[in-house]
Amino acid sequence: RRCGWFDAVLMRRAVVVNSLSSMALMKLDVLDTLSEIKIGNSYRYRGKVIHDLPVDLCDLQACEPIYETMPGWQSSTFGITEFEKLPLAAKNYLAQLEKLCGVPIEIISTGPERNQTIFLND
């Protein structure tokens, strides 16, 4: 179960294009052992910082992601099914994703099985 850093720029575009009212975050548990976690919040394009995707998606190849770094939680979230039981640093990470993307997170997976899921706003 591998994944890359969260790209908030791309997610903001997905929110607009698809009229999303919320999002689901998968594989939170793969971040458990990391001392710090990065979030892509903008791009550097031709020497300028941009906060949205370039108009011509062919220009995306020339973009370099700019990351903000958050502290990791270095404790297990594997299989947690209640938001309150998540480590504080994990909750802060999720809150920052919501802020950057402009929509709430309603589903969080904490493992590969269907029952290893947190449902918010039920």
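Odds and ends about this structure:
- Residue in the range 67-75 that is in contact with a helix residue (DSSP H, G or I) (Cβ under 6 Å, 6 or more places away or on another chain) and in a loop (DSSP other than H, G, I, E, B) present: yes
- Taking the criterion of being of a type outside the set (V, I, T), buried (at least 18 other Cβ atoms within 10 Å of the Cβ) and in contact with a Gly (Cβ under 8 Å, 6 or more places away or on another chain), the only residue of the range 92-122 that qualifies is G111.
- Screening Q61 on (1) of a type outside the set (A, V, I, L, M); (2) surrounded by 14 or more Cβ atoms within 10 Å (Cβ to Cβ); (3) modelled with pLDDT under 95 shows it passes everything except condition (2).
- Residue that is farthest from L34 (Cα to Cα) [pool: residues in the range 78-91 that are surrounded by 15 or more Cβ atoms within 10 Å (Cβ to Cβ) and not β-branched (V, I, T)]: L86
- When the residues of the range 7-43 are filtered to those that are surrounded by fewer than 17 Cβ atoms within 10 Å (Cβ to Cβ) and of a type in the set (K, R), the one that is nearest to C101 (Cα to Cα) is R13.
- When L34, L94, L100 are checked against the criterion of being at pLDDT 95 or above, assigned to a loop (DSSP other than H, G, I, E, B) and at negative phi, L34 stands alone in meeting it.
- Some residue of the range 26-33 being basic (K, R) and within 27 Å of N121 (Cα to Cα): yes
The values are calculated or read from the model by the stated rules, or taken from the named source; none is laboratory data. The structure presented is a predicted model; accordingly, all values stated were derived computationally and were not measured. When we count neighbours, we look across all protein chains shown, and the Cβ atoms used for this are built from the backbone with ideal geometry, even at glycine.
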